[in-house]
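The values are calculated or read from the model by the stated rules, or taken from the named source; none is laboratory data. Keep in mind it's a predicted model, so treat the numbers as computed, not measured. Ideal geometry is used to build each Cβ from the backbone, glycine not excepted, and the neighbour counts take in all protein chains shown. The protein model used for the area step is the full one, side chains on, heavy atoms only, and it has no ligands, DNA or RNA in it. Shrake-Rupley method; radii C 1.70, N 1.55, O 1.52, S 1.80 Å.
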Amino acid sequence: MMDRIAALGRTGLDVIASLGRACQFLAGVVGGVPKPSVGFPLLVKQLYAVGVLSLAIVVVSGLFIGMVLGLQGYTILSDFGSEAAIGQMIALTLVRELAPVVAALLFAGRAGSALTAEIGLMKATEQLSSMEMMGVDPLRRVIAPRFWAGFISLPVLAMIFAVVGVWGGMLVGVEWLGVYEGSYWGNMQASVDFVDDVLNGLIKSVVFGFVCAWIAVYQGYDCVPTSAGISSATTKTVVYSSLAVLGLDFVLTAVMFGNF
Amino acid sequence: MAQRTTEIIVGLFIIAGLAALLFLALQVSGLSPKAAGATYKLHANFNDIGGLAPRGRISMAGVTVGTIESITLDRETFQARVTMSIHKDVDNIPADSAAVIRTSGILGEQYIDISIGGDLESLKEGDTFYSTQSAMNLERMISNFASGR
Amino acid sequence: MASSAYISLNDVVFSRSGRRIFDGVSLDIPKGRITAIMGPSGTGKTTLLRLIGGQLRPDSGQVVVAGREVPKLKRKELYLLREKMGMLFQSGALFTDLSVYENVAFPLRVHTRLPEDMIRDIVLMKLEAVGLRGARKLMPSELSGGMTRRVALARSIALDPELIMYDEPFAGQDPIAMGVLVKLIRDLNSSMGLTSVLVSHDVPESLSICHYACIIADGKVIGEGTPDELRAHPSERVQQFLKGQPDGPVPFHYPNNDAASDFGIRGSGA
């Protein structure tokens, strides 16, 4: 019995120690700003790998989610005779919630896990060690560009997601279900506020980008350098990122949109 | 892949993001680049403003002519005093016009509609609407209906 | 030992996960010579290289490299010291996203401000020294295991270091590749005046090229000296290791119950 409690305590301490390591790690990543001539090309390369290559999944998902919102929304709103409000329903749902959150979840699954696996593999094949032995700080050279790339990419992806979703909703609502195009856009413009809705959604995606990028690079850096270790780290990235995004979404929504 | 090509593609990616933001700003949230300065203030007192809120719409014949600036409670008359910003080029509102609170649709948000009077004089900066009509209160309507009035 | 010690370890104690990996290890590595560090698997030979390189700190004891105490160095000084060291990792550890040329050029680009044509000359010279100048445009995934190690070797000598450490360089190599590596290690040591530290459990190859060897087991140095001295070493443990005898001071059987009870044999017994 005491063994179980001790084991539980040890696990708790392990988690706390891991969190502490993660914060030290973050300080090392964020603190070391490299020379622009060196750092910028690395950043660009990672932006491509992390951001541009995630565009496909973000655009397709955005499109389908926008279209589904159109379909479902139309069905529900027509019960109230308020089909014309579909534009504002789709836009508000996307801009405030779905674009930041779903883009973050997709990002964690695609780009986050890829980052973790890549860094973990570099650790397992001793590339990070050999870099250290050559007097190059791997945090600055390998990890930091990937972190910043994730941090910058996610808001961009979320914005694109929202736009594609709104357009998808328009495809379904206006072209297919016959809602008047003027009211689709008109009602939307009347109820979506730039500062309260669009900017808040953008802030959310910036926060999510920070957290997802941090978790992804940390799990790769901290993993056990075996193939089992890398696979476990990749899973952890996806799980922890998803939970963090959903939890933070609740907190941010309460702060931004609640009326306290 | 060549470094230059990568840079160009990443640049396009960022531009796409900014364009999306711009689209969201203009097309989705209707942010208008019009100069905000060209307005003048009018006031109106209501018994019940219902669900009216600052930045609400003010329309005349269905055309948006201004926004609600602020809503305060007048402590002597216990009425709501609404301050409105009307576009400067709508400067010929007859002095006996009424400000009416209307709802767009059944569930829609409320706005102020200016019902035109016949006076030759126009409302000027700082004037107050003479007659107003408060928001329709659903419970009062139902009780009126039920008691047969 | 004739030459002075380039590296000395004095009474180094190091534990990890509760296990004492080094329990008071003292050894000197002479300058300009090839020293082999040998021992059974898992005795912490790679850990020793990490202690020398400053990636790990000992619990107690001193690690002195080129007159500087490594654990006490500040980050910047440590990085400067590392510029004088080259390390060849067991797997080569080439950067998978860079070509062979770029891998060898990496330390030059990071630590020097040399113009591109000078870098090109140096990279090609180093690749020539390991016999792979023609492979410079290949990617690491296209190389065989032996070639990977040779490229990694070229990379580790790119900055003309004073010390090279080899972590299990002979592991899993075919005879030709082995011969190539042995030749390279020997030639580099004599032509560049390097101090070479070779960590391996491959006895014949290591003893054939080293000038001095140490055998570490159970966290202590159990024998050291020139190859001839070691071959004549009185310790049974050393002899078992050098000759590759399956049974001796390191027993064949893992500690177990007596055979009769495990196999359920009754009767008059063995």
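So which helices (runs of 4 or more DSSP H) are wholly in the stretch C:219-268 and hold at least 3 residues that are closer than 22 Å to residue C:204 by Cβ? Spell out the reasoning first.
Working: elements: C:227-231, C:236-243, C:259-263.
Counting at least 3 such residues, we get C:227-231, C:236-243.
What are the residues in the stretch B:25-51 that are outside any loop (DSSP other than H, G, I, E, B), modelled with pLDDT under 85 and open to solvent by less than 50 Å² (accessible area, probe 1.4 Å), if any?
B:25, B:28, B:39
The rows are residues; the columns are (1) over 30 Å from residue B:10 (Cα atoms); (2) assigned to a helix (DSSP H, G or I); (3) open to solvent by 10 Å² or more (accessible area, probe 1.4 Å); (4) of a type in the set (A, V, I, L, M).
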| site | (1), (2), (3), (4) |
| --- | --- |
| A:162 | no, yes, no, yes |
| A:172 | yes, yes, no, yes |
| A:195 | no, yes, yes, yes |
| A:207 | no, yes, yes, yes |
| A:218 | no, yes, yes, no |
| A:237 | no, yes, no, no |
| A:240 | no, yes, yes, no |
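With C:172, C:193 as the choices, which residue is more than 20 Å from residue C:84 (Cα to Cα), surrounded by fewer than 18 Cβ atoms within 10 Å (Cβ to Cβ) and not hydrophobic (A, V, I, L, M, F, W, C)? Outline the logic, then answer.
Values: C:193 fails: more than 20 Å from residue C:84 (Cα to Cα).
Answer to the selection: C:172.
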Self-check item: Of residues in the stretch A:223-235 being part of a helix (DSSP H, G or I) and either among the hydroxyl-bearing types (Ser, Thr, Tyr) or buried (at least 20 other Cβ atoms within 10 Å of the Cβ) (or both), the one modelled with the lowest pLDDT
Solution: A:227
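Quick grid of which residues meet (1) in contact with a strand residue (DSSP E or B) (Cβ under 9 Å, 6 or more places away or on another chain); (2) farther than 27 Å from residue C:15 by Cβ:
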{"residue": "C:27", "(1), (2)": "yes, no"}
{"residue": "C:47", "(1), (2)": "yes, no"}
{"residue": "C:52", "(1), (2)": "yes, no"}
{"residue": "C:55", "(1), (2)": "no, no"}
{"residue": "C:58", "(1), (2)": "yes, no"}
{"residue": "C:81", "(1), (2)": "yes, no"}
{"residue": "C:118", "(1), (2)": "no, yes"}
Quiz item: Hey, any hits in the stretch A:44-54 for a residue that's β-branched (Val, Ile, Thr) and open to solvent by 40 Å² or more (accessible area, probe 1.4 Å)?
Solution: no
Quiz item: Is it true that some residue in the stretch C:200-213 is of a type in the set (Ser, Thr, Tyr), surrounded by 19 or more Cβ atoms within 10 Å (Cβ to Cβ) and either part of a helix (DSSP H, G or I) or at positive phi (or both)?
Solution: yes
Quiz item: What number of residues in the stretch C:72-107 are buried (at least 21 other Cβ atoms within 10 Å of the Cβ) and within 14 Å of another protein chain (Cβ to nearest Cβ)?
Solution: 14
Exercise. Kindly indicate the residue of the stretch B:87-106 that is more than 15 Å from the chain's Cα centre (by Cα) and not charged (D, E, K, R) and also farthest from residue B:122 (Cα to Cα) among those meeting that condition.
Key: B:106
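Could you please let me know if residue C:78 is part of a helix (DSSP H, G or I), more than 16 Å from residue C:5 (Cα to Cα) and over 18 Å from the mean Cα position of the chain (by Cα)?
Numbers: part of a helix (DSSP H, G or I): yes; more than 16 Å from residue C:5 (Cα to Cα): yes; over 18 Å from the mean Cα position of the chain (by Cα): yes.
For residue C:78, the condition - part of a helix (DSSP H, G or I), more than 16 Å from residue C:5 (Cα to Cα) and over 18 Å from the mean Cα position of the chain (by Cα) - is met.
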Practice problem: Answer yes if at least one residue in the stretch C:15-22 is crowded, with 17+ Cβ neighbours inside 10 Å and part of a loop (DSSP other than H, G, I, E, B), and no otherwise. | Solution: no
Exercise. Could you check, for the stretch C:1-13, whether at least one of its residues is closer than 22 Å to residue C:189 by Cα, surrounded by fewer than 20 Cβ atoms within 10 Å (Cβ to Cβ) and either among the acidic types (Asp, Glu) or modelled with pLDDT of 80 or more (or both)?
Key: yes
Quiz item: Which residues, counting only those in the stretch C:32-49, are at pLDDT 85 or above and of a type in the set (D, E, K, R)?
Solution: C:33
Quiz item: Out of all the residues in the stretch C:215-247, which are at positive phi and open to solvent by 20 Å² or more (accessible area, probe 1.4 Å)?
Solution: C:218, C:244
Quiz item: Looking at (1) assigned to a helix (DSSP H, G or I); (2) closer than 28 Å to residue B:27 by Cα; (3) of a type in the set (Phe, Trp, Tyr), which is the only condition residue A:80 fails?
Solution: (1)
Exercise. Take residue A:130 and decide whether it is polar (S, T, N, Q), in a helix (DSSP H, G or I), at pLDDT 90 or above and buried (at least 24 other Cβ atoms within 10 Å of the Cβ).
Key: no
Quiz item: Only one of these conditions is not met by residue C:69: (1) under 21 Å from the mean Cα position of the chain (by Cα); (2) surrounded by fewer than 15 Cβ atoms within 10 Å (Cβ to Cβ); (3) within 14 Å of chain A (Cβ to nearest Cβ). Which number is it?
Solution: (3)
Quiz item: Pairs under 8 Å by beta carbon, first residue within 14 Å of residue A:143 (Cα to Cα) in the stretch A:38-64, partner open to solvent by less than 50 Å² (accessible area, probe 1.4 Å) and among the aromatic types (Phe, Trp, Tyr), six or more apart or different chains?
Solution: A:47/B:13
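If we only count strands (runs of 3 or more DSSP E) wholly inside the stretch B:52-98, which ones have 3 or more residues that are modelled with pLDDT under 85 and either in contact with a strand residue (DSSP E or B) (Cβ under 9 Å, 6 or more places away or on another chain) or open to solvent by less than 20 Å² (accessible area, probe 1.4 Å) (or both)?
Numbers: elements: B:57-60, B:63-73, B:80-87.
Of the strands (runs of 3 or more DSSP E) lying wholly inside the stretch B:52-98, those with at least 3 residues that are modelled with pLDDT under 85 and either in contact with a strand residue (DSSP E or B) (Cβ under 9 Å, 6 or more places away or on another chain) or open to solvent by less than 20 Å² (accessible area, probe 1.4 Å) (or both) span B:63-73.
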Exercise. Please indicate, with yes or no, whether at least one residue in the stretch A:113-121 is buried (at least 20 other Cβ atoms within 10 Å of the Cβ), away from chain C (no Cβ under 13 Å) and of a type in the set (A, V, I, L, M).
Key: yes
